[in-house]
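The values are calculated or read from the model by the stated rules, or taken from the named source; none is laboratory data. Just so we're clear, the structure is a prediction, and the values are computed from it rather than from any experiment. Positions of Cβ are backbone-derived with ideal geometry, glycine not excepted, and every protein chain shown enters the neighbour counts. For the accessible areas, the whole protein counts, side chains as well, though only heavy atoms, and no ligand, DNA or RNA atoms are used. Shrake-Rupley method; radii C 1.70, N 1.55, O 1.52, S 1.80 Å.
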Amino acid sequence: MDDISYSIVCCFFNEKKLLENKFHNLIESFQNLPFKKEIIFCDNNSTDGTKELLKNFEKLNIENSKFIFNKENLGKGGSIKEAIKNSNNEYIAIFDIDEYLLEDVVLGHKIIENNRSIDFLCGNRIGSNFKFIYKKNLYGVMALTKLINLLFKTNLKDSACATKIFKRSIYNKMVVKTNNFDFEFEVLCKFAKLKSNIEEYEVNYFPRTFEEGKKLRAFKDGTMILKTIIKSFIF
């Protein structure tokens, strides 16, 4: 088994149906990962039965797993922060089971294994696996990514991909103020501002519709993310 270790972070808010369909397959895949790992499940004070379902899963005593239950809704970023506080391994891997595959975390590991200088590895959905449903989401991603490239001298295609792997030691030196969907953008920008080695790789993407549970709203959340990018550059 490789010496590189990962804390895989999975955050949920009102995702009971998704967990009922995917949890057991996720755990089976997790147990077969070819590296040292832990998986951290964080519930963001769900109200649809997700919290209770996760508490039942916690009783299974899954090896190398942790369960966190927020007493109030902290936002997606706030949930990730809580998970990172409870993590132990070298790299943090943010992973959303709704639209992504755990196999791509394995691919990310292989890339890092071949280049240990990588500080931040960002997934890219805009490539051969192109599957965006909503054009306004796609155009927003492209515009925000171009802005990040311009301000921080990066060379990314998809700054918004939810599969992100980064060094916990560098993250721990940061003061990250955001708690919503803009959290990952603030972290990415701050890694870039530190002149960290940021790389990108193609991942699989299976987008959900809003009816299926997708939560990010292009204009509202995009505006918030834009402000966070600019603040990260100025301050």
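If we keep just the residues of the range 41-72 that are assigned to a loop (DSSP other than H, G, I, E, B) and charged (D, E, K, R), which is surrounded by the most Cβ atoms within 10 Å (Cβ to Cβ)?
Filtering the range 41-72 for residues that are assigned to a loop (DSSP other than H, G, I, E, B) and charged (D, E, K, R), the one surrounded by the most Cβ atoms within 10 Å (Cβ to Cβ) comes out as 48.
Which pairs have Cβ atoms under 9 Å, sit 6 or more apart or on different chains, and link a residue in the range 188-210 that is free of Cβ contacts under 8 Å to residues at least 24 places away in the same chain to one that is among the basic types (Lys, Arg) and open to solvent by 30 Å² or more (accessible area, probe 1.4 Å)?
Filtered contacts from the range 188-210: 195/153; 210/217.
Condition check: open to solvent by 20 Å² or more (accessible area, probe 1.4 Å) and in a helix (DSSP H, G or I). Does residue 188 satisfy that?
No, not satisfied.
List pairs: first in the range 215-235 and hydrophobic (A, V, I, L, M, F, W, C), second in a helix (DSSP H, G or I) and open to solvent by 80 Å² or more (accessible area, probe 1.4 Å), Cβ under 6 Å, 6+ apart or cross-chain?
From residues that are hydrophobic (A, V, I, L, M, F, W, C), the pairs are 218/136.
Looking at the range 61-70, is at least one residue hydrophobic (A, V, I, L, M, F, W, C), without any contact (Cβ under 8 Å) to a residue 60 or more places away in the chain and over 25 Å from residue 182 (Cβ atoms)?
The answer is yes, given that some residue of the range 61-70 is hydrophobic (A, V, I, L, M, F, W, C), without any contact (Cβ under 8 Å) to a residue 60 or more places away in the chain and over 25 Å from residue 182 (Cβ atoms).
Any residue at all in the range 39-60 that is touching a residue at least 60 places away in the same chain (Cβ under 8 Å) and out of contact with any Ser or Thr (no Cβ under 8 Å at 6 or more places or on another chain)?
no
Given the options 148, 126, name the one that is open to solvent by less than 70 Å² (accessible area, probe 1.4 Å), more than 20 Å from residue 81 (Cα to Cα) and without any contact (Cβ under 8 Å) to a residue 40 or more places away in the chain.
After ruling out the rest, the residue left standing is 126.
Only one of (1) modelled with pLDDT under 95; (2) at positive phi is not met by residue 136, so which one is it?
The single condition residue 136 does not satisfy is (2).
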